[in-house]
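Notes follow once the structure below has been shown.
The values are calculated or read from the model by the stated rules, or taken from the named source; none is laboratory data. Fair warning: this is a prediction, and the values are worked out from it, not measured in the lab. Methodologically, a virtual Cβ is constructed for each residue, glycine included, from the backbone with ideal geometry; neighbour enumeration extends over all protein chains shown. Ligands, DNA and RNA are stripped out before the accessible areas are found, and what is left, the full protein with its side chains, is counted by its heavy atoms. Shrake-Rupley method; radii C 1.70, N 1.55, O 1.52, S 1.80 Å.
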Amino acid sequence: MKHSERYQLKDKKRIVIKIGSSSLTHTQSGDLNLLKIERLVRIISDLKGQGKQVVLVSSGAIATGRQALHHPKKPESLAQRQAFAAVGQARLMMVYQKLFAEYNQVAAQILLTKDTMVNDSSRYNAQNTFEELLLLGAVPIVNENDTVSTSEIPFLDSFGDNDRLSAVVAALIGADLLILLSDIDGLYSDDPRTNQQARFIGLVPEITPELMAMGKNTSGSDVGTGGMAAKLAAARIATDSGSDMVIANGDQVEVIHEIIGGQERGTLFLAHENLDFDLMHYLNNEY
């Protein structure tokens, strides 16, 4: 019998989906996995057909630039990251726009920096842009503006990673569900790659200090950056803002349909709307 918490995911109307670089690229080469991206676009288009509003937070700009420039290794310097992103973001959006157009959908690019969010005027304008795009039926595709921010490095002017960015977006637009697609099945009591005794946790009613301590600030991927610590930080932002959140394995993007269909996939963090929630508090205190 399905748990009522899972079953209620069917009714979610405004959904943010985050997909990481490791879920968008081939493991062996680091090149874009076009077949998987096409399936992702088809699933999002189908959700739109069901009357849902969907925002996609997509990593992959740096990995795409790395592919385009035929660079064999993950970039090491900030300048190299930003150069790769400048090449890759344009190419990545070209892929998304072409595929979404095949399903009669319009993709729109939104690039954010932390400065955008901490400034009251620019945050308000960003919120209005999201609302108008969703009203017009477009699919906003969001990434951090890697070419001008110290992307995915824990400096003061960066979100740190797209897990946190997706939670910030969910809070900004009042989403009722955030789905994080990663290279792991969900939350474990320890890293299952190194500890075979790690216990899977399917439901998190409340985020506790003990739970936060389970996070590992590492990534097992050559292209990704966000470890479990980042995902738990995202969960704290999302659930405090009133959004349920699911961490699931993005190896098969069809898991999105399974999650929204109420199946037991990934780890579900239940929303517990905090009446004192202040997004600026999270941004200014580095989550």
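Which residue out of Leu178, Leu187 is open to solvent by less than 50 Å² (accessible area, probe 1.4 Å), under 20 Å from the mean Cα position of the chain (by Cα) and under 13 Å from Ile15 (Cα atoms)?
Every option except Leu178 fails the conditions.
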Given (1) open to solvent by less than 10 Å² (accessible area, probe 1.4 Å); (2) of a type outside the set (Val, Ile, Thr); (3) modelled with pLDDT under 95; (4) over 15 Å from Ala175 (Cα atoms), where does Leu9 come up short, assuming only one miss?
(4)
Considering the stretch 207-224 alone, what residues qualify as being open to solvent by 60 Å² or more (accessible area, probe 1.4 Å) and modelled with pLDDT of 55 or more?
Pro209, Glu210, Ala213
Residues that are surrounded by 15 or more Cβ atoms within 10 Å (Cβ to Cβ) and free of Cβ contacts under 8 Å to residues at least 12 places away in the same chain, drawn from the stretch 91-115
Gln97
With the requirement that a residue be open to solvent by 30 Å² or more (accessible area, probe 1.4 Å) and within 24 Å of Asp278 (Cβ to Cβ), what does the stretch 117-144 give you?
Val118, Asn119, Asp120, Ser121, Ser122, Arg123, Tyr124, Asn125, Gln127, Asn128, Thr129, Glu131
Exception for Tyr103 within (1) within 20 Å of the chain's Cα centre (by Cα); (2) of a type in the set (Ser, Thr, Tyr); (3) modelled with pLDDT of 90 or more falls at (1)
Residue pairs qualifying under the 8 Å Cβ cut-off, at least six apart or on distinct chains, with the first in the stretch 253-264 being exposed (fewer than 13 other Cβ atoms within 10 Å of the Cβ) and the second being assigned to a loop (DSSP other than H, G, I, E, B), are Glu264/Lys2; Glu264/His3; Glu264/Gly202
Consider Leu40 carefully, then state whether it is among the hydrophobic types (A, V, I, L, M, F, W, C) and crowded, with 17+ Cβ neighbours inside 10 Å.
yes
For the stretch 239-248, state whether one or more residues are β-branched (Val, Ile, Thr), open to solvent by 20 Å² or more (accessible area, probe 1.4 Å) and either at pLDDT below 85 or under 12 Å from the mean Cα position of the chain (by Cα) (or both).
no
From the set of residues in the stretch 190-206 that are open to solvent by less than 50 Å² (accessible area, probe 1.4 Å) and in contact with a strand residue (DSSP E or B) (Cβ under 7 Å, 6 or more places away or on another chain), which is farthest from Ala235 (Cα to Cα)?
Ala198
Where residues in the stretch 158-206 are small (Gly, Ala, Ser) and without any contact (Cβ under 8 Å) to a residue 60 or more places away in the chain, which of them is farthest from Leu56 (Cα to Cα)?
Ala198
Anything in the stretch 67-82 that is over 12 Å from Gly30 (Cβ atoms) and either without any contact (Cβ under 8 Å) to a residue 24 or more places away in the chain or outside any helix (DSSP H, G or I) (or both)? List them, or say none.
Glu76, Ser77, Ala79, Gln80
Based on what the data block shows, is Ala63 part of a helix (DSSP H, G or I), within 24 Å of Asp163 (Cβ to Cβ), of a type outside the set (Asp, Glu) and open to solvent by 60 Å² or more (accessible area, probe 1.4 Å)?
no
